[in-house]
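Working notes, beginning with the structure itself.
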Amino acid sequence: MEENIFGRRLRALRRQHDMSQAELGGDELSPSYISLLESGKRPPTPDVVLKLADRLGIPTAQLTGDLDLGTSAGVASGEELLLRLRTAELHLLDGDARTAHEHFQGVFDSPDADTDTRAEALLGQARCRAHQGQVEEAVALYEQWLADFGDQRDDCVRWVRTVVALCLCRKETGRLDEAADLAEDSLRTLRDLGLARTPVGLELLAVTAQFRWDRGAEHSAVELLEEAYEAARNMNGHAGAAHAYWQASSEASGAGRLGKAVVLAEQAILDFEGAGDPVPCARLRAVYATVLFREGVLTEAEALRMVDQAVDELRERGQPTDIAYCETERSRMLVAAGRPESARESACSALERLDPAWAWSRSRAQLALARALWELSGPEESAALYEEAVAALEQLGLPRQQARAHLELAELQDASGDARAALTSYRRASAVMGLLPQGTGTRVTRGVARRAR
């Protein structure tokens, strides 16, 4: 049967009867065979259909779809499935990710959900797992979405946002190179679609620039951010974003990509009505302020103003990880501005928002807190936090980030007059990067370690 209707019906009916695969198969059919049937990898024989229907206590036609079942037989109409999707979305926006996930999964498992409905439901499940801090599970669901529905690029806005979400989740699990490569590949596709200067394009530009910075390509990161920020300034709110989507829709239509043109036109209407998503531009503003502050292009006051604006916008619709990213960067800027107490509060706020599963983001927030505490009370408590953050980065397999943490601690120790501790930290940075020869003195060690940056 096309689109695995039988397997989807079987799985939905089994769950409606609260049966495991082993219970459904009984002594005659193994759980692995039931799994193959439900996934569509093995077609059922007439004898198997009879056995399954008997175990479920239903007519065989209810399994094969030969009856007009209606809603009374457990089959949801298209309108009912759409209502469940919107209900799930409302629960997620209200912060109840568990209930939202149950609704999304119910829609996805419905034997009568069409392809687009199942795609939206699967994406909803991934977002719920991310909200719950179950990052590995979120990665698996986003990857499944791209494998099952990613070639349907007419809804290019949804595709880009899925790529961005997957990249950010992969980064949290230490898969930085995979995340960065996917971002770069997707950015090339985005340019081909004419979406680089739309809000959703800016989101991918910002993430790609952030990855370039993390991998040491600072110059190209700044170039990409300057391109993105110039595009964002030209948008100037919802009306500008609407015109950007409108232009992309016109280009898609002219190239014969009518499905994409329709999606982009609908997105343009949303922005004209003021219902567009402010998160992409807010995330871009935060990354842009961070990188250009570190490069010395923006003053502390300018960078702080931009990050505070991003935080205000993200508090309305952003995820906790988005807000935590901004608060972490705000903490570092406040330290540079000579306000360590405010920096400590901002870093603590970021940590409170982050579930332990968000390992990368938590390590960044811990480093920011350690830096603030050093200014407030000296090395004792701060050094322990540096060690905790470095251990997390080591577990994630991120040597460049480990080395930067060691170097930051070494420079603080050196400035406080603790040359022996500073030398140890410099040597640890060099060892992490594989650059430290045996028997190296202090001066050479510092030079090698600094080149590791």
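The values are calculated or read from the model by the stated rules, or taken from the named source; none is laboratory data. Source: prediction; values computed, not measured. As a convention, Cβ positions derive from the backbone with ideal geometry for all residues, glycine included, and neighbour counts pool all protein chains shown. Calculation scope for accessible area: heavy atoms of the full protein, side chains included, ligands and nucleic acids excluded. Shrake-Rupley method; radii C 1.70, N 1.55, O 1.52, S 1.80 Å.
Overview of values
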item: Listed residue (TYR245, ALA228, GLY256) projecting farthest to the positive dipole end of segment 188-260, Cβ model; result: GLY256
item: Peptide ranges 38-50, 195-207, 97-109 listed from the most packed, as the mean C-beta count within 10 angstrom indicates; result: 195-207, 97-109, 38-50
item: Folded to 0 to 90 degrees: helix 135-149 orientation relative to the chain principal axis, Cα; result: 50 degrees
item: Residue among PHE293, SER346, PHE149 farthest towards the positive dipole end of the chain, charges placed on Cβ; result: PHE293
item: Solvent-accessible area per residue for the chain (1.4 angstrom probe, square angstrom); result: 46 Å²
item: Carbon and sulfur %, accessible surface of the chain computed with the full protein complex present, 1.4 Å; result: 47 percent
item: Distance between modelled label sites at GLU218 and MET19, nm, 7 Å Cα→Cβ extension; result: 6.4 nm
item: Protection proxy ranking of 364-372, 378-386, 210-218 - average other beta-carbon atoms within 10 Å, highest first; result: 364-372, 210-218, 378-386
item: Lys/Arg +1, Asp/Glu -1 at C-beta; the chain dipole; positive extreme among GLN62, VAL335, LEU304; result: VAL335
item: Gain in span if fully extended, THR115 to TYR33, counting 0.36 nm per residue against the direct Cα distance; result: 27.1 nm
item: Span from the segment 366-403 Cα centroid across to the segment 102-140 one, whole angstrom; result: 36 Å
item: 222 nm mean residue ellipticity, helices alone, for the chain (DSSP H n ≥ 4; -39,500 (n - 2.57); rounded to 500); result: -25000 deg cm²/dmol
item: For the chain, size of Cβ-based charge dipole, Lys and Arg +1, Asp and Glu -1, in debye; result: 1580 debye
